[in-house]
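In what follows, a single structure is set out as structure tokens and then discussed.
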Amino acid sequence: MNGGATPAAGVTVRVPAKVNVQLAVGPARPDGFHDLANVFLAVSLYDEVTATPADTLTVTCEGPDADRVPLDRTNLAARAAELLAARHGLSPDVHLHIRKAIPVAGGMAGGSADGAAALLACDALWGLDSPRETLLEICAELGSDVPFSLVGGAALGVGRGERLTGLSVAGPFHWVFAVADGGLSTPAVYAEFDRLTPDAAPPAASPALLDALSTGDTTALAATLVNDLQPAAVSLRPSLAATLRAGLDAGALAALVSGSGPTTAFLVKDPDAATAVAAALRASGTCRTTHTATSPAPGATLL
Ligand SMILES: C[C@](O)(CO)[C@H](O)COP(=O)(O)OP(=O)(O)OC[C@H]1O[C@@H](n2ccc(N)nc2=O)[C@H](O)[C@@H]1O
Ligand SMILES: Nc1ncnc2c1ncn2[C@@H]1O[C@H](COP(=O)(O)OP(=O)(O)OP(=O)(O)O)[C@@H](O)[C@H]1O
């Protein structure tokens, strides 16, 4: 627990983590961002955000990594409440309580998830009933990954990843996530990508990967998973190579760094394989802990 007591009543939103099954990265743009072909897939690992009326904007957090979550106005949940309130000339007087299961600074869009969840929770608490388009605009202002946290499922993100097209996705796909010690800074990983990839090509989605998603073909998806940020994440955190190897040795069909890392993702064929690969990863000593999850998962949802 970090920063106060659990609130009594309020509006609660559940929101998923993501894995990028394809992350194609182009050269740095003049504004410092990178154009992407970003194929997002939501996974069944969830944070929850509860909004309750309060005298002032406050954030509390519980969960194993709560001490690494900022409780000031830099928290994306707080920023979401502020942006929504400002649009309506309101004061953002709300208590936001985060139940955090998504790894912090882990490349699974945990902060983005809390931003999207807080937005939806405050919208309901304040009776605003904002159009979906308005919520998506605010999400894009909060961060490149935030719109996807709102919509969930599977989507292709272009531009800096914020312009979404929903994708057809079957499933279930079964995953194991290995959580590393500490986080990686997303800007640092993009900067390392620039250093390693001076000739980055314009990004494009892979038709074979989109086909594997829509048919629910795990073997085909395993053959097409790709993350252009992986060499940069491994360069900054060389120990990730051993984690990736340990999961493959344990029978995972494919292994990749999740987004900007350092969480690593392992696609497996079924729930039994997930249990076995997770146990082998923990026994290998190459990660801090593991999570198993399935996809697709729904986006931010009022409970
Ligand atoms: C790595 C991913 O998680 C993959 O989905 C995202 O691209 C990162 O999305 P995010 O954390 O929401 O990132 P933002 O908060 O929008 O941007 C943080 C920083 O990441 C870098 N950034 C982010 C997105 C992008 N398309 N190009 C970038 O270069 C920039 O340095 C930016 O200042
Ligand atoms: N609600 C939040 N939860 C966690 N971190 C937050 C939150 N709000 C702001 N942050 C800040 O954002 C930083 C990145 O955390 P986050 O968990 O979003 O990383 P990430 O999952 O790697 O993001 P992405 O996958 O979108 O690049 C943290 O180190 C923290 O300082």
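Each value in this text was obtained by applying a stated rule to the coordinates, not by laboratory testing. Because the structure is a prediction, the values reported are computed rather than measured. Cβ placement follows ideal geometry from the backbone for every residue including glycine, while neighbour counts extend to all protein chains displayed.
Using the Cα centre as the reference, give the magnitude of the dipole from point charges on the C-beta atoms of the chain (Lys, Arg: +1; Asp, Glu: -1; all else neutral), rounded to the nearest 20 debye.
Here the chain has a charge dipole of around 420 debye.
Rounding to the nearest 10 and keeping the result within 0 to 90°, find how far the Cα-based axis of helix 110-125 lies from the longest principal axis of the chain.
30 degrees
Could you tell me how many cubic angstrom of Cα convex hull volume the chain has per residue?
Roughly 122 Å³ of hull volume per residue.
Please give the Cα centre distance for segment 104-153 versus segment 214-273, rounded to the nearest Å.
The two parts, judged by their Cα centres, are 27 Å apart.
Choose one of Leu119, Val11, Gly251: the residue whose Cα lies farthest towards the positive end of the charge dipole of the chain (beta-carbon charges +1 Lys, Arg; -1 Asp, Glu; about the Cα centre).
Gly251
Select from Ala273, Ala208, Leu23 the residue farthest towards the positive end of the dipole of the chain; place +1 on Cβ of Lys and Arg, -1 on Cβ of Asp and Glu, and compute about the Cα centre.
Value computed over the given set: Ala273.
For segment 173-295, with only Lys/Arg (+1) and Asp/Glu (-1) charged at the beta-carbon, what is the dipole magnitude about the Cα centre, in debye rounded to 20?
340 debye
Checking the a/c ratio against 1.5 first, then a/b against b/c, what shape does the Cα gyration tensor give for segment 87-149?
Oblate, because a/c is 1.5 or more while a/b does not exceed b/c.
Pull out the extension gain between Thr56 and Arg163, defined as 0.36 nm times the separation in residues minus the alpha carbon to alpha carbon distance; nm, one decimal.
35.2 nm
Once you order the gyration tensor axes a ≥ b ≥ c over the Cα atoms, which shape class does segment 173-295 get: rounded for a/c under 1.5, otherwise prolate or oblate by comparing a/b with b/c?
oblate
What residue among Leu184, Ala109, Cys61 has its Cα farthest toward the positive end of the dipole of the chain, where the charges are +1 on Lys, Arg and -1 on Asp, Glu, each on the Cβ?
Among Leu184, Ala109, Cys61, the one farthest towards the positive end of the dipole of the chain is Leu184.
Under 15 Å from a point 7 Å along the Cα-to-Cβ line of Ala220: which residues of segment 193-209 have their amide N that close?
Correct set: 206-209.
Answer rounded, prolate or oblate for segment 167-217, using the Cα gyration tensor with square roots of eigenvalues a ≥ b ≥ c: rounded when a/c is under 1.5, else prolate when a/b is larger than b/c, else oblate.
Verdict is oblate for segment 167-217.
Work out, step by step, the length gained on full extension between Thr134 and Leu302: first 0.36 nm times the residue separation, then minus their alpha carbon distance; give nm to one decimal.
Result for the pair: 58.7 nm of gain on full extension.
Measure out, as a whole number of angstrom, how far apart the alpha-carbon centroids of segment 285-303 and segment 89-103 sit.
Going from one Cα centre to the other spans 20 Å.
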